[in-house]
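Asker: Just dropping this structure here.
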Amino acid sequence: MPTLHIPRTPVGRPGLYLMAALASVLAACAAPSPSSQAQAQADAMCITRNPHGSRQQLCIPQPAPAQQRELAQARARDLKPLPDQARLFVLRDAWTDDWNLVEVSVDGAPPLATLPGTFGQWQLSPGRHELWLRWRDGEARTLLQADAGSVISVDVKGRLLPGLMTYAWSTPGPAPSESRLKPLGWAGPWSRQGD
């Protein structure tokens, strides 16, 4: 069988410049644009920590579209009672809370992802409701009695045991104060009601 012999030719400077230009164009196409990175950051709520000098970030999606976020957030922070419903605030601000994603679900609805330093607010019909917490290593549930016109708060309590992080519900209490709610980020849930 005959052997095909292709002579080696040096690339030369023009060829190197062309290859470098082509590589930079391909790299620019593969990397997300600064505007798409900024949009992704605007559509997420994140917490950052620097253990042992390495930066780590944990994010959840923003609960409302950007154009409606300000109004939705103001409604979520409203502490006024509703005449025919109860307001439920779930707060995650305990100093013992660890750096984990914890999901909160009310009456089997799709779960809401929460981070330390966030809260959720639900409007509930009067009656008995089941609250669930789910995290990587477990889950906890509790029952809650909601009365029309009531404003209730429950805390997600994180507890660090040797080699294990657990979470539990606090005993339901009265509405949180504005000063307690102010530093917390709103995690959701969001609905278009009243828009």
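The values are calculated or read from the model by the stated rules, or taken from the named source; none is laboratory data. The structure displayed is predicted, hence computed values, not measured ones. As a convention, Cβ positions derive from the backbone with ideal geometry for all residues, glycine included, and neighbour counts pool all protein chains shown.
Asker: Let me confirm something: among Pro116, Pro83, Pro63, Pro111, which residue is in contact (Cβ under 8 Å) with a residue 24 or more places away in the chain and within 14 Å of Pro189 (Cβ to Cβ)?
Answerer: Going through Pro116, Pro83, Pro63, Pro111 in turn, just one is in contact (Cβ under 8 Å) with a residue 24 or more places away in the chain and within 14 Å of Pro189 (Cβ to Cβ): Pro63.
Asker: Same structure again: Return the residue satisfying two criteria in turn: it lies in the stretch 85-112 and is of a type outside the set (A, V, I, L, M, F, W, C) and touching a Ser or Thr at 6+ places or on another chain (Cβ under 8 Å), and of such residues it is surrounded by the most Cβ atoms within 10 Å (Cβ to Cβ).
Answerer: The qualifying residue surrounded by the most Cβ atoms within 10 Å (Cβ to Cβ) is Arg92.
Asker: Identify the residue in the stretch 66-79 that is in a helix (DSSP H, G or I) and touching a residue at least 24 places away in the same chain (Cβ under 8 Å) and, among all such residues, is surrounded by the fewest Cβ atoms within 10 Å (Cβ to Cβ).
Answerer: Result: Ala66.
Asker: Which residue is modelled with the lowest pLDDT, if the candidates are limited to the stretch 34-65 and must be part of a strand (DSSP E or B) and touching a Phe, Trp or Tyr at 6+ places or on another chain (Cβ under 9 Å)?
Answerer: Arg49
Asker: Every residue in the stretch 139-195 that is within 26 Å of Ala44 (Cα to Cα), at pLDDT below 90 and assigned to a loop (DSSP other than H, G, I, E, B), please.
Answerer: Pro189, Trp190, Ser191, Arg192, Gln193, Gly194, Asp195 - these are the residues of the stretch 139-195 that are within 26 Å of Ala44 (Cα to Cα), at pLDDT below 90 and assigned to a loop (DSSP other than H, G, I, E, B).
Asker: Let me ask something else about it. Among the residues of the stretch 124-144, what is the count of those that are surrounded by fewer than 16 Cβ atoms within 10 Å (Cβ to Cβ) and touching a residue at least 40 places away in the same chain (Cβ under 8 Å)?
Answerer: To start, the set of residues in the stretch 124-144 that are surrounded by fewer than 16 Cβ atoms within 10 Å (Cβ to Cβ) comprises 125-128, 130, 136-139, 141-143.
Now drop any that are not touching a residue at least 40 places away in the same chain (Cβ under 8 Å), which leaves 125-126.
Counting residues in the stretch 124-144 that are surrounded by fewer than 16 Cβ atoms within 10 Å (Cβ to Cβ) and touching a residue at least 40 places away in the same chain (Cβ under 8 Å) gives 2.
Asker: For the stretch 145-176, enumerate the residues that are farther than 23 Å from Gly117 by Cβ and surrounded by 18 or more Cβ atoms within 10 Å (Cβ to Cβ).
Answerer: Within the stretch 145-176, Ala146, Ser150 meet the criteria.
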